[in-house]
Amino acid sequence: MQIDPHPLLALSAFETTLPAALAECPSPDWLRGLLSLEASGAIPPADDAVRGHIRALLRHGGFKPSGRSKPASEYLVRAVEQGELSSINAAVDACNVVSLHSGIPISVIDADRARSPFRVGIARAGERYVFNASGQEMDLEGLLCLYEADGPCANAVKDSQRTKTQADTTRTLTLLWGHVAVATRVRAATEWYREMLARIGATTEMITSG
């Protein structure tokens, strides 16, 4: 994976091979129980400083991370507070648990619905993608994104609909979008994330830049 030079980015990426298709991977009770701000996680809860660093990361290229374009990790906190975050499947729940507790926004895409080469860089003017099943588009200008052969497909706010996980997903690509000021938290979040995936029978492999 190529990572364009960026003074603030502390990115962690890994590939996961699930023990079965995602539809056959329901979340165990212990994982569902962590979808709460009151649950005791392996990482101290994120504070305002963490949230500030993440927003600074996203603002660096000119993007405005507020309102409907706030970091995905902040959306999760609000969803929990409003009782709107429910279990989906083991892979998505593990992502949400780690992001909720660490304050680090995370992207998870279907590794077989994306094609190499992969690159992380800031989106140019005019770049957009559909982010949900109803066809809504997101303006990506100035935002750090993951690119695959067909264009941008994921970021720290909303991932592309075309590469999202589905019922038949068996391999995923995960990116934790961290700021250099919270690099230690990113490493701890990655370790905890991989440990949870191992508990559900998945295998993971770290991805390095090249």
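Bear in mind these aren't lab numbers, they're just calculated from the coordinates by the rules spelled out. Computed from a predicted model, the values in this text were never measured in an experiment. Neighbour counts are summed over all protein chains in view; Cβ atoms, including those assigned to glycine, are modelled from backbone coordinates with ideal geometry.
Taking square-rooted eigenvalues a ≥ b ≥ c of the alpha carbon gyration tensor, is the chain rounded, prolate or oblate, where a/c under 1.5 means rounded and, failing that, a/b exceeding b/c means prolate? Because its axes are fairly even, with a/c under 1.5, the chain counts as rounded. Working from Cα pairs under 8 Å separated by at least six residues, relative contact order for the chain is 37 percent.
Beta-bridge orientation, region 2-206: approximately 95 percent antiparallel, per DSSP, counting only bridges with both partners inside.
Using just its DSSP H runs of length 4 or more, each adding -39500 (n - 2.57), the chain gives a mean residue ellipticity at 222 nm of -8000 deg cm²/dmol after division by all residues. Taken about its Cα centre, region 2-206 carries a charge dipole of roughly 440 debye when the Cβ of each Lys and Arg holds +1 and the Cβ of each Asp and Glu holds -1. Checking every one of the GluC sites (Glu not before Pro) in region 58-125 against DSSP loop status and a limit of 13 other Cβ atoms within 10 Å picks out E84. Other residues with beta-carbon under 12 Å from the beta-carbon of P26 carry, at +1 per Lys or Arg and -1 per Asp or Glu, a net charge of -2.
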